[in-house]
1. Between Trp165 and Thr6, what is the spin-label point distance in nm, taking each point 7 Å from the Cα along the Cα→C-beta axis?
2. Could you check the spin-label model distance between Met93 and Val293? Points 7 Å from the Cα along Cα→Cβ, value in nm.
3. Output ³J(HN,Hα) for the stretch 81-92: one whole-Hz value per residue in order, computed from phi by the Karplus curve 6.51 cos²θ - 1.76 cosθ + 1.60 with θ = phi - 60°, and x for Gly and Pro.
4. Report the label-to-label distance for Asn237 and Arg18 in nanometres (one decimal), using points 7 Å from each Cα along the Cα→Cβ vector.
5. For a quick check: with amide H placed at 1.01 Å from N, whose amide H comes under 5 Å from Arg258's, ignoring anything fewer than 5 positions away on the same chain?
6. Can you list the residues, at least 5 places off or on another chain, whose amide H is less than 5 Å from the amide H of Ile141, using H built in the peptide plane?
7. Taking 31 Å as the cut-off for C-alpha to C-alpha distance, list the pairs among Lys97/Lys136; Lys111/Lys341; Lys103/Lys173; Lys136/Lys173; Lys111/Lys233; Lys20/Lys103 that go past it.
8. From the backbone phi of the stretch 140-145, what are the Karplus-calculated ³J(HN,Hα) couplings (6.51 cos²θ - 1.76 cosθ + 1.60, θ = phi - 60°) in whole Hz, Gly and Pro given as x?
Amino acid sequence: MNKFLTTLQTAFRTEEVRRKILFTALIFLIFRIFAHIPVSGVNVTQLKALFSQNQFLGLLDIFSGGTLANFSIMALGLNPYINASIILQVLTMVFPKLEELQKEGDSGRRKINQYTRFLTVPLAVLQAIGMYALLKSQGIIGTLGPLDMLGFMLTMTAGTMIAVWLGELITEKGVGNGVSVLIFAGIVGSLPAMFGRTASTTDAQSSLGLLVFGLLGIVVISSVILVNEATRKIAINYARRMRGNKAFGGQQTHLPLRLNQAGVIPIIFAVSLVLLPSLFANFMLSSRNPALVNVGQFITTWLDPNGLVYNLLYFLFVVGFTFFYTAVVFNPTKISEEVQKHGGFIPGVRPGTQTASYLNYILTRLTLVGATFLGLIAILPSLVRGATGIENIALGGTGILIVVSVVLETYKSIEAQLVMKNYDGFLRK
């Protein structure tokens, strides 16, 4: 804690870093102002009631930065951009040209970011149409004419692109990853209201449960920090090579394998998949067809967010997507080839196929632990409800995971900039 406070004090004393922190705070303020400018024609009271009853929409509100429940002009937030980024990451594994582009350094990453922004626009239009259909079916918004519908879609899409632009400004001129920081801003900005709502619905008999909830929150935050920072270091030796009269190599380093390679992405995939049936069930329940109503009631009964079936499926989906995403972002065969190409080897393991098998063995065991942890984080609200009796949980495991991860990432970014600043000063001397 002392190191954290010392780093912040040093950051505010350093003019360049202080300017970046203040710039990020200014973008925060602009983002929160946009979050409170509502779209006309929407019944915000009914909309908030709908979001409180649907966990899928609640999670979308988290990733929109808290703008969806208010249905501001940034109602779609960063969801289309996040979906476009995920699609581009998967396509990188399918199309070799995209994979080569990703390896070209800054120029390649800029092109991929440009493709991501292009893909964000049609995804935002589709999500705007879907959101309009949902709100209309719930009686929250009336029927719109062609011009009004066009204006509605343009407003939603423009709001998304403004949010993306603000995020990129933070990445370029502020501290931390802009998209993650804006999501963090949305969660933190809604915390006072969320805690107030939790406290107001907690009677005297469940005050002990509220205390247990607070202690569990501390344990969860500590666990998230521990898992996010945990790495398995694989020792790698480099053979000594002679070029003329000079010797090269002979160094020893390590390959860090993170316990949580996938971050929060598997939870996004899993919750989208497990809650989509419930979303369709809501449409079926409002249908005039008795058969569709019966199907909707069946889905709602079996996929109750507090039920065993829902939480078991949710847990299994998170574990499965964690293994899938880890396989996408970390390829043991390619890592083995790169190590062998530069004359490296793992002590006791032969280069080539055996190195790839060894890395895959280690990665599988690490991923199992990380996937289990993410699965428990995902179903944490249901576990806490059962342990404390508090129905209105202020912040779920996914929100805690995002907040803690962004704080750690931003802190490391500030530390790196301070180190670079000191290094530049040393060179000038």
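1. 4.3
2. 4.4
3. Result, ordered by residue: 5, 5, 4, 5, 5, 5, 4, 5, 5, 5, 5, 4 Hz.
4. Those two pseudo-labels are separated by 5.1 nm.
5. Arg232
6. Amide H neighbours of Ile141, under 5 Å, 5+ apart: Lys136.
7. Lys97/Lys136; Lys136/Lys173; Lys111/Lys233
8. 8, 9, x, 6, 9, x
The values are calculated or read from the model by the stated rules, or taken from the named source; none is laboratory data. This one's a predicted model, so the numbers in the text were calculated from it and none came from an experiment. Cβ atoms come from the backbone with ideal geometry, glycine included; neighbour counts cover every protein chain shown. Areas reflect the complete protein model, heavy atoms only, side chains present, ligands, DNA and RNA absent. Shrake-Rupley method; radii C 1.70, N 1.55, O 1.52, S 1.80 Å.
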